[in-house]
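Each value in this text was obtained by applying a stated rule to the coordinates, not by laboratory testing. Just so you know, these numbers come straight off a predicted model, no measurement behind them. Please note: Cβ atoms are built from the backbone with ideal geometry, for glycine as well, and neighbour counts cover all protein chains shown.
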Amino acid sequence: MKKRSLSVLLSLLLSLVLVACGTSTNTGSEQNVVQTDHEHDHEHGEFEWIGEFEFVAGEYLFHFGECEDETMDVGFIKMGDNITDLEHHASHLMLTDKEIIKQDSNFVAKPDYAYTFEMNEDHGHIHFTIEEDGRYAIVTEHMPFESSMQIFDENNVEILPEVEHEANHDHEH
């Protein structure tokens, strides 16, 4: 009887945690910018911005202007039916171990993977490859305007996000 009671109690606790984790307060959208709040009892990584992009397989370039930060964490999420709460998914992605990417280097942008970009004071370039066509969310630790971040395709055409999400939490530099 004790084992059954303990089992039921643990099941209820797990259900409560999962329900609480899946609950968020969405404050609406304004000019394609969505702000969200997360009030949970488990840890979430920090990010300031998410941009949703349509990418075809190919080579791309992050171009950065002047930047005060020495590094910036950046994550890639391949969008699909499995992503029901993008901001929550992004906050967990930003907690993962990150591969360090140096300026003027190339890397393959893996879905559901985060990186730490080393930044330069004046400007910088980081090349990346998308291996599969689709809609991707790029999650950044800092707002793009803080480093004049731009993304270009292999024909030097700037790629703009179709939707932008701004995190609604305090972020200190």
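Which residue, chosen from Asn106, Met94, Cys67, occupies the Cα position most advanced towards the positive end of the dipole of region 45-173, where the dipole is computed from +1 (Lys, Arg) and -1 (Asp, Glu) charges on Cβ about the Cα centre?
Towards the positive end, the residue furthest out is Asn106.
Can you list residues from other chains, or at least 5 along the same chain, whose modelled amide H is less than 5 Å from the amide H of Thr71?
Amide H to amide H, under 5 Å and 5 or more residues apart or across chains, Thr71 pairs with Met119.
Using Cα pairs closer than 8 Å and at least 6 residues apart in sequence, work out the relative contact order for region 91-173, in percent.
Relative CO of region 91-173 lands at 21 percent.
If you project the alpha carbons of region 93-151 onto the principal axes, what extent comes out on each, in Å, largest first?
32, 23, 20
Exactly which trypsin sites (Lys or Arg not before Pro) in region 77-130 are in a DSSP loop and have at most 15 other Cβ atoms within 10 Å?
Lys102
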